[in-house]
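Novice: Sharing a structure below in structure tokens format, with a few things to ask.
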Amino acid sequence: MDTAMAAVMRESGAFGGLLYVLPPGDNALWQVLVAGVPQEFATPWRRVALTDPMPVADAVRERRLVWVGGREEMARRYPRPALVLPYDFALAATPLASGTILRGGLVLLWPGAHSARLSPEERDVVQRGCRHLGGLLQQAAERGDPLVPADRPRAVPPPAVRAPSPGEAASLSAFVDRLPGGSCSLDIDGRITFLTPAAADLLGAGRADLVGALPWEALPWMDVPHVEDRYRAALVSRRPQAFTVLRPPETWLAFELYPDATGLSVRITRGGPAEDAPPSGSVPTAGPSRATVLYHLMHLASTLTEAVGVQDVVEQTAEQLLPALGAQAMVLMAAEDGRLKILGHRGYRGHRSELMDSFDAIPLSSDIPGADVLATGVPGFFASFAEMRRAYPATVHEDGMAAWAVLPLIASGRPIGSLLLSYERPHAFPPGERAALTSLAGLVGQALDRARLYDAKHHLAHRLQSALLPHTLPHVPGLKVAARYLPAARGLGIGGDFYDLIRLDEHTASATIGDVQGHNVDAAALMGQVRTAVHAHATVGATPDDVLARTNRLLTDLDPGLFTSCLYVHLDLATHRACLATAGHPPPLVRHADGRTELLRVPPGLLLGIEPDTLYPALEFALPPGSVLALYTDGLVEAPGVDLDDAIAALAGLLEHADPSDLDAMADTLIRHAPTPGDDIALLLISPGA
């Protein structure tokens, strides 16, 4: 397997590769071989689910070759891996199969200088290598070899290098010593394998302490983000890198990194605090902000997973992104019905905020940067207004900013919105920052897609809930009522709690309250059936116990798999008497006219939907003018760690001290003192008049 992996890399020109197996019946790929890159680089992807947004998962799931031609394409299509490795390289991912059976996947890496396309010759080499590797995996499976490593994946050793003769070694050592500054060599894993005396002097440490060590572990002052970041960039892009770093107390050192298949050659010279490049100026550099920005973006990636609505996405993006990148303002946009919709913005105040309002709901046009990005999916970076004017001649400089980045928000492979970042000063966008911003936009796009779906479900849930609950309670002469419904704090904001008031004739009415198990659409749908059944049986004159018994038989016939508590009360307004029955529901409270509050101890009946022939005892009681009957669901009183009897007693105390002449104020008081709603809350207050 090592030989086959090395061959496909050598013949295709790839510098690195990852080999995955797909165990029979598994839904995830497992990394078994790592070649050309440190294992630590590949650690985040040792196990890749077939549903993960990763090139190798797409390749295996769709049985096709996936090609990613560079950093910007990786950032746009696969933002998660692009954030972890925001460097310039090309990638091919292919499935491994034998016959029709998928065996695994192969990932090959090319330097950043590779063409944006895979040549036909390279494609042929890759396909031949995949057939060979797929056959080897089949043989391993037939032999019963363990497919997934027990510990970590195997590391394929780098190509062997011919050892110099003693004479050559002496000449080479003399040559290196004559070069200005110091020199050292790192292996693929970053450990120092060789360094000159001059290098040791510049680093301020003994050779014995450095050989075999990682620089940022042996030298604490090198343990800064941009040092390891440049080492990673050199290995992954296979391009020279450079950085400067301060060796305390005041010695600035400049490092040039030159990578190949076996590791890195490093040249060290004295630099200066203002010098971001060595004196030669021959190697591209990157400042320390690269790793700092990466940290902020990774933090944003984690916080966006908790966003549950569009405004959450707007707020979290603004809070993390603007300080990380030094931008002063942002706008989040989407397309709706052929128009540009401003979903939210930050940093535009006063007349600038009015400017954002003027752009909201304008027709989409290619003359508008945000709309153009929506149509093409291609980001735009404008270091000055002159650059933006060249791209969009009709653009008017209205926002007072000096530089802009317009990024597509991609979800499921298509643009769903755009993100505008604005800077008050001219701002250059180097390639690394462009890739990071594009990766970020991909994460924001995925979060926005989830958030819009959540908002749509939330809106649908509220419409369904409002349709199932009474829009208004009927007017019953001689009866004052107030009702409240509060959805649970979790889930879709929809549940099975319900209430109803039914006018029966001139002198009688009935009221009901109930709670269907669950906080989802199924619970809400069953709640609608229960409420309808109770209403139907009540209007034909059934007694409270009979209303519950008939409704119970209906539910057991429907067998919905959910249970329901319910309380039904019949009100005789002429005699000021009431009769109620309950199916496992919390007992009601009566506040008498003198303020005394009483718990009505109703004989309990079984929950609806369990046993078809259940009987429900009834209780008659007086309900004179000035008294208040309080019907409620358990969400009003239940809380973790609180005894239910104590909670009901506390509710009775609130009822006792409330003003009975204002039922709305009384209802607000009871709701305000309820525990944080982990469950739905329904409340119905009833007070007969004289």
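The values are calculated or read from the model by the stated rules, or taken from the named source; none is laboratory data. Remember, it's a predicted structure, so these values are computed and weren't measured experimentally. Note: ideal-geometry Cβ built from the backbone for every residue, glycine included; neighbour counts use all protein chains shown. Ligands, DNA and RNA are stripped out before the accessible areas are found, and what is left, the full protein with its side chains, is counted by its heavy atoms. Shrake-Rupley method; radii C 1.70, N 1.55, O 1.52, S 1.80 Å.
Novice: Once a ≥ b ≥ c are taken as the square roots of the eigenvalues of the Cα gyration tensor of segment 318-369, is the result rounded (a/c under 1.5), prolate (a/b larger than b/c) or oblate (a/b not larger than b/c)?
Specialist: Details: a/c = 2.38, a/b = 1.71, b/c = 1.39.
Here segment 318-369 falls in the prolate category.
Novice: For the ranges 181-191, 27-37, what's the packing order if you count other beta-carbon atoms within 10 Å of each residue, average per peptide, and put the highest first? All intermediate terms of the calculation are to be shown ahead of the outcome.
Specialist: Values: 181-191: 19.7, 27-37: 21.8.
Final packing ranking: 27-37, 181-191.
Novice: Return the calculated 222 nm mean residue ellipticity for the chain, to the nearest 500 deg cm²/dmol, obtained by summing -39500 (n - 2.57) across DSSP H runs with n ≥ 4 and dividing by the residue count. Kindly include the intermediate steps, with their values, before the conclusion.
Specialist: Working: 21 runs with 253 residues, N = 690.
Rounded to the nearest 500, it is -11500 deg cm²/dmol.
Novice: Over what distance in Å are the Cα centres of segment 205-238 and segment 516-566 separated?
Specialist: After rounding, the separation between the Cα centres reads 70 Å.
Novice: How long is the gain from Thr193 to Ser165 if the chain were fully straight, where each residue apart is worth 0.36 nm and the alpha carbon distance is subtracted?
Specialist: Values: separation 28, 0.36 × 28 = 10.08 nm, distance 1.83 nm.
Using 0.36 nm per residue and subtracting the Cα-Cα distance, I get 8.2 nm.
Novice: To continue, here is another question. Once both axes come from the Cα atoms, what is the angle between helix 521-539 and the longest principal axis of the chain, in degrees from 0 to 90, rounded to 10?
Specialist: Rounded to the nearest ten degrees, it is 10.
Novice: Under 15 Å from a label point 7 Å along Cα→Cβ of Asp124: give me every residue in segment 1-20 with its amide N that close.
Specialist: 11-13
Novice: For the chain, find the longest principal axis of its Cα atoms and tell me its angle to the long axis of helix 225-237, 0 to 90°, nearest 10.
Specialist: 70
Novice: For Cys579, what is the net charge nearby, where nearby means another residue's Cβ is under 13 Å from its Cβ and Lys, Arg count +1, Asp, Glu -1? Could the numbers behind the result be given before it?
Specialist: Details: positive: Arg577; negative: Asp545, Asp546, Asp572, Glu620.
The answer is -3.
Novice: From zero up to wherever the largest Cα-Cα distance of segment 11-94 sits, split into 10 Å bins and tell me the percent of pairs in each.
Specialist: Spelled out per bin, shortest first, that is 17, 54, 28, 2.
Novice: Express the carbon and sulfur contribution to the solvent-accessible surface of the chain as a percent, rounded to the nearest whole number, probe 1.4 angstrom. Don't jump to the answer; show the numbers that get you there.
Specialist: Working: 16750 of 30810 Å².
On the chain, the fraction of accessible area on carbon and sulfur atoms equals 54 percent.
Novice: How long is the gain from Thr556 to Thr575 if the chain were fully straight, where each residue apart is worth 0.36 nm and the alpha carbon distance is subtracted?
Specialist: Details: separation 19, 0.36 × 19 = 6.84 nm, distance 3.56 nm.
Here the answer is 3.3 nm.
Novice: Residues with amide H under 5 Å of Ala97's amide H, sequence separation 5 or more or different chain, H placed in the peptide plane at 1.01 Å from N; which?
Specialist: Under 5 Å from the amide H of Ala97 lie the amide H atoms of Arg103, Gly134, each far enough along the sequence or on another chain.
Novice: Sticking with this structure for a sec: Hey, of [x] 3, 12, 16, 15, 14, 13, 11, 8, 5, 2, 1, 0; [y] 3, 16, 28, 28, 17, 6, 2, 0; [z] 3, 14, 22, 24, 20, 12, 4, 1, 0, 0, which did the structure itself give for P(r) over Cα pairs in 10 Å bins from 0, in percent when calculated?
Specialist: Recomputing P(r) over Cα pairs in 10 Å bins from 0, in percent here gives the entry labelled [x].
Novice: Tell me the per residue accessible area of the chain using a 1.4 Å probe; a whole number in Å² is fine. The partial results should precede the final answer.
Specialist: Working: 30810 Å² over 690 residues.
Accessible area per residue, the chain: 45 Å².
Novice: Given Cα pairs under 8 Å that are at least 6 residues apart, what percent is the relative contact order of segment 2-137?
Specialist: On the way: 252 pairs, mean separation 37.2, N = 136.
Once normalised by length, the contact order is 27 percent.
Novice: Right, next: With the Cα gyration tensor of segment 534-654 giving a ≥ b ≥ c as the square roots of its eigenvalues, does the rule (a/c under 1.5 for rounded; else a/b larger than b/c for prolate; else oblate) give rounded, prolate or oblate? Let's see the in-between values first.
Specialist: Details: a/c = 2.66, a/b = 1.25, b/c = 2.13.
Oblate.
Novice: Compute the length gained on full extension between Val211 and Ala650: take 0.36 nm times their separation in residues and subtract their Cα-Cα distance, giving the result in nm to one decimal. Don't skip to the answer; put the middle values down first.
Specialist: Details: separation 439, 0.36 × 439 = 158.04 nm, distance 7.25 nm.
Extra length available between Val211 and Ala650 comes to 150.8 nm.
Novice: Can you tell me the 0 to 90 degree angle between the C-alpha axis of helix 431-468 and the longest principal axis of the chain, rounded to 10?
Specialist: 10
Novice: How would Glu256, Glu228, Glu62, Glu217 rank on accessible area, largest to smallest, probe 1.4 Å? Display every interim value, and only then the final one.
Specialist: Values: Glu256 5, Glu228 60, Glu62 85, Glu217 125 Å².
Sorted descending by solvent-accessible area, the residues read Glu217, Glu62, Glu228, Glu256.
Novice: Taking H placed 1.01 Å from N in the peptide plane, check which residues at least 5 places from Gly344 or on another chain put their amide H under 5 Å from its amide H.
Specialist: Leu332
Novice: Then there is this: Would segment 593-642 count as rounded, prolate or oblate if I go by the C-alpha gyration tensor, calling it rounded below 1.5 in a/c and otherwise prolate when a/b exceeds b/c, oblate otherwise? Kindly include the intermediate steps, with their values, before the conclusion.
Specialist: On the way: a/c = 3.01, a/b = 1.32, b/c = 2.28.
Here segment 593-642 falls in the oblate category.
Novice: Using modelled backbone amide H atoms (1.01 Å from N, in-plane), which distant-in-sequence or interchain residues come within less than 5 Å of Phe194's amide H?
Specialist: Ser185
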